[in-house]
């Protein structure tokens, strides 16, 4: 005699989210295979029907670096802390690019996945997490490109001085991912009701870049305006990244600690908001 269906051991029980702090962390781990499938989909689909395909991973930072070098280095004559302009701008572009891509991609989570979310159950957090992980692959490819240029300039006697702070790179990557994911899921949650935000994201990210020392060193700013840039949590990451790989500028532990606290706070807020919105977003999306 088999068990009565009511008495059977279910492998999954779907319940409504009942509290603000009820995060589906265990469910995300249980669906890790689906997460990896989404990662592969996100990575492959971006350049699937393009002529150059994955070569865009290399072309984007190179073309942007050349443009910045000509406009901000040669024409505007913005200083680069004594390091070659190409390395200075590429270091900022690579690190800033990962954060901005994470923010932009995750900010469209509910809109782009509405059809899937309405048909199949899985932890909704899987979707934004897949974006962050797939973009990490792009970041890794561009990091190899940056390191190639760094080795070339170093062998040719350029004044670049990689140091032990390179060991902080995994921490910097985690902070960038946390900031991008946190801001992204907050915006994504709000766009279920306010679609206008989708038009402001790209514009806002571009403006934020100019409030981050991507195209200029922190030392070039007047003292009375420097606090504005220091309030930007990405400033500590960019400065630490440049100092670690190029020896440019200086390392400030206080700025990095501020960034870490800010990242944890914004990610926690994002998780709380995302956790509440995912219950009812199908009614408003």
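The values are calculated or read from the model by the stated rules, or taken from the named source; none is laboratory data. If you're wondering where the values come from, they're calculated on a predicted model, not measured in any experiment. We place every Cβ from the backbone using ideal geometry, glycine too, and count neighbours over all the protein chains shown.
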Segments classed as helices (runs of 4 or more DSSP H), wholly inside the stretch 106-162, with at least 3 members that are closer than 21 Å to residue 88 by Cβ: 126-155
Count of residues meeting criterion [crowded, with 20+ Cβ neighbours inside 10 Å and under 25 Å from the mean Cα position of the chain (by Cα)] in the stretch 71-83: 1
Count of residues meeting criterion [within 24 Å of residue 231 (Cα to Cα) and surrounded by 20 or more Cβ atoms within 10 Å (Cβ to Cβ)] in the stretch 174-200: 14
Residue match in the stretch 225-235 (condition: in contact (Cβ under 8 Å) with a residue 60 or more places away in the chain and either touching a helix residue (DSSP H, G or I) at 6+ places or on another chain (Cβ under 8 Å) or not in a helix (DSSP H, G or I) (or both)): yes
Any chance residue 94 is modelled with pLDDT of 90 or more, assigned to a loop (DSSP other than H, G, I, E, B), surrounded by 15 or more Cβ atoms within 10 Å (Cβ to Cβ) and out of contact with any strand residue (DSSP E or B) (no Cβ under 9 Å at 6 or more places or on another chain): no
Checklist (1) in contact (Cβ under 8 Å) with a residue 12 or more places away in the chain; (2) under 17 Å from residue 209 (Cβ atoms) applied to residue 81, failing item: (2)
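Each row is one residue, and each column tells you yes or no for (1) surrounded by fewer than 19 Cβ atoms within 10 Å (Cβ to Cβ); (2) at pLDDT 90 or above; (3) under 30 Å from residue 198 (Cβ atoms); (4) in contact with a helix residue (DSSP H, G or I) (Cβ under 6 Å, 6 or more places away or on another chain).
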| site | (1), (2), (3), (4) |
| --- | --- |
| 55 | yes, no, yes, no |
| 68 | no, yes, yes, yes |
| 85 | yes, yes, no, yes |
| 98 | no, yes, yes, yes |
| 103 | no, yes, yes, yes |
| 121 | yes, no, yes, no |
| 126 | no, no, yes, yes |
| 137 | yes, no, yes, yes |
| 148 | yes, yes, no, no |
In the stretch 150-159, residue surrounded by the most Cβ atoms within 10 Å (Cβ to Cβ) [restricted to those that are under 20 Å from residue 61 (Cα atoms) and in contact with a helix residue (DSSP H, G or I) (Cβ under 8 Å, 6 or more places away or on another chain)]: 150
